[in-house]
Structure formats: structure tokens, C-alpha cells
Amino acid sequence: MAVAGVSEKPRHLAPPAAKALVPLDEPPTFSIVIAAYEAAATIGTALDSALEQTLPAHEVIVVDDGSKDDLAAALAPFAGRITVLHQENKGPGPARNAAIAAASGEFVAILDADDRYHPGRLEALAGLARERPDLDLITTDARLVVDGEGVGTFAGYTPFAVENQRTAIFETCFVGGWPAVRLSRLRSLGGFDESFKVGEDWDCWLRAILAGARAGFVDQPLYDYVLHPGSLTDSRAQGTWARVRLLEKAAENPALREDERPALRRALRTHRSRAVLAETQAALYGSARSARLLRLAGAREIEPRARLAAALTALAPPLARRFVPEDRPPEERLPAAQP
């Protein structure tokens, strides 16, 4: 699989600095953290990419989240070069919180156990951090990978928001799931909300931005984000409802400004509608049940199309299948959406 380093200065995107800045003389330090569950087959590739950075990481922390496979054997070749923590299976949020508690770098850099960094990723992040020491979230673009082949970039589908980040984060998780985050900021937030099984990263970045953090972006795909082939029909419904929940939680955030509430309400309406549509797809084409769709069809805070889809699915599934298309797996859906 081809990888990219940093051959020339990439474009940096970020909101204007609030005041004059003095660039850092030295790069900040990075703790790469990996939450690993049943990841014996992929963790070696992820760790090789973490340890082969042109700017070495301060440390690499792996949290074994109660794996039942032979993760220990997969980690053995890296003994002495990584820190391994163990816990009962609790999910990625608690696993990352364990890493945050143990980390000592200035930034925590997220790496999923089945993904990989390109060799120059930390160097690129450090370049942005040195130029803009006011940024608490820094990230790069990511290459979307299916069966070893790139099918586009994350920013190609979810452009990075430079302006109005405080409300843009309601619409999309424009920093992705793999930024480097200032450790002091993460700890001040209390880390990831462990009640979330899905969407804990978006919730964390949203809380950080509402608390005053600014995000910056290196316009170069230096992270490989692996999309696993197969239907997302059932899991997509779960994920979209998680987005609704994190936005409902944001409505109670004391840092939310009154003039930002209309944007949050609009985002909630959009994401609730998407969640209802995803649930109709799960009922029509997956294994989910449609028992509550008639109740959802009567909700006021969703768009008419979603209301109609829910009602048809509950009352006339054959007709609903003519109105609601089946959700396609990512290897088919993403290339078709490539701009």
C-alpha cells in the first residue's frame, strides 16, 4: 500500500488567530494512543506506522480493551517500544480515557487499531502546531481505504470547517475521528464520555470547541482510514441516533451561546431525520424491528420525507421499499459520491 511522507509544505487551514502569535522553536511531543479490541490481525500494521514516523512519537500507548483474541502475541514483537495497558472490555471511550490518564506528551494523537499513519503524519502535525500554538485540535486529511485501495479522502466528503467552527461541529465531525488533541484540554474536559458506545469522539471534539478550542487542518491525506466491506444498514441507524444524542447533550452545555441555539436546532432536525431514515432502512433491509416507527412518524422535529418513510415502513413495507432505497456498503457508496 502506497504511503506518503511530507515532501513539501502542505496547506494549513485554521481560523484566524485571536492575537499575534510567536511560533514555537521546537515541535510539541505526541503520545500516540490506540484502543485495541480483537485487533490481533491489524495491530501490527498500525504499530509499525506509529513507530516509523519521521518525527518520532514521545510514546505509543496501546490499551487492550478486554480482547479475547491473541492480541498479546501480536504485541510481543513491539515489547520495550510501546506501553500496554489492560482493562475489561468497556469500549473505545473508556480505553482512550485510560490512555489519556497515562499519557505524558503535549498532544494525544488518535490511531485506530486497524488504521495506519503515513510516515510524515506527526511531522506535519508538528509543523502546524509550531506555526499555530493556539490550536488545541490538529489533524490531517485521511485516505479512505477499502480492500487496500483508496476510494477518496475524508475532506472530499466532509470538508474541514475554517469559519464558524462552534456551529459547524453540529453539522459534521469535520475534524474526523483521528486528530491530535492537546492533553491539557482533554483532561480539562474529563476525556471521552464513557456512556457513548458510538460517537464518543464527535461528542468530545464538540465539547472541546464549545469550551474554546480551535481546530486546524493539514491539507494532506496522511492517515489511512480503513472502511470494512459489508452492509452498514443496522449499524448506521445506531450511529445516527448517537449523533442525535450528542447534539441533545450539547443543548445542555453551559458554554453554548444563545445565538448558537438556532444552528443547533437545525442540526438536530437534520440528524433526527437522518436517524429515522436509517431506522427505516434497517427495518426494511436489515434485522431491525419496525415497532416504534409509527410513533417516530408522528414526531414534529423531523423532516416530512423522514416522517413519510417511517409511516410507510410501519404500515406498508412493500410500498416503502419503492420509496426508501437500501443503504449500500461503503465500497459502493463512497466512490459514487466522489466529487
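The values are calculated or read from the model by the stated rules, or taken from the named source; none is laboratory data. Given the structure is predicted, the values throughout are model-derived calculations rather than measurements. No Cβ is skipped: glycine too gets one built from the backbone with ideal geometry, and neighbour counts run over all protein chains shown.
For the range 56-142, the helices (runs of 4 or more DSSP H) that sit wholly inside it and include 2 or more residues that are basic (Lys, Arg) and modelled with pLDDT of 95 or more are 121-131. crowded, with 21+ Cβ neighbours inside 10 Å, of a type in the set (Gly, Ala, Ser) and closer than 16 Å to PRO179 by Cα: is that true of ALA129 in this structure? Against the criterion (crowded, with 21+ Cβ neighbours inside 10 Å, of a type in the set (Gly, Ala, Ser) and closer than 16 Å to PRO179 by Cα), ALA129 qualifies. Here THR167 fulfils each of the conditions (1) more than 16 Å from the chain's Cα centre (by Cα); (2) more than 25 Å from VAL276 (Cα to Cα); (3) of a type outside the set (Gly, Ala, Ser); (4) crowded, with 19+ Cβ neighbours inside 10 Å apart from (2).
Here the condition is being in contact with a His (Cβ under 9 Å, 6 or more places away or on another chain), assigned to a helix (DSSP H, G or I) and of a type outside the set (D, E, K, R); of THR270, THR240, it holds for THR240 alone. For the range 116-150, the tally of residues that are over 20 Å from GLY105 (Cα atoms) and among the acidic types (Asp, Glu) stands at 3. In this structure, is THR153 touching a residue at least 12 places away in the same chain (Cβ under 8 Å), among the polar types (S, T, N, Q) and either in the same structural domain as LYS249 (by TED's automatic domain parsing) or surrounded by 23 or more Cβ atoms within 10 Å (Cβ to Cβ) (or both)? Against the criterion (touching a residue at least 12 places away in the same chain (Cβ under 8 Å), among the polar types (S, T, N, Q) and either in the same structural domain as LYS249 (by TED's automatic domain parsing) or surrounded by 23 or more Cβ atoms within 10 Å (Cβ to Cβ) (or both)), THR153 does not qualify. Scanning the range 232-256 for residues that are surrounded by fewer than 18 Cβ atoms within 10 Å (Cβ to Cβ) and without any contact (Cβ under 8 Å) to a residue 40 or more places away in the chain yields SER235, GLU248, ALA251, GLU252, PRO254.
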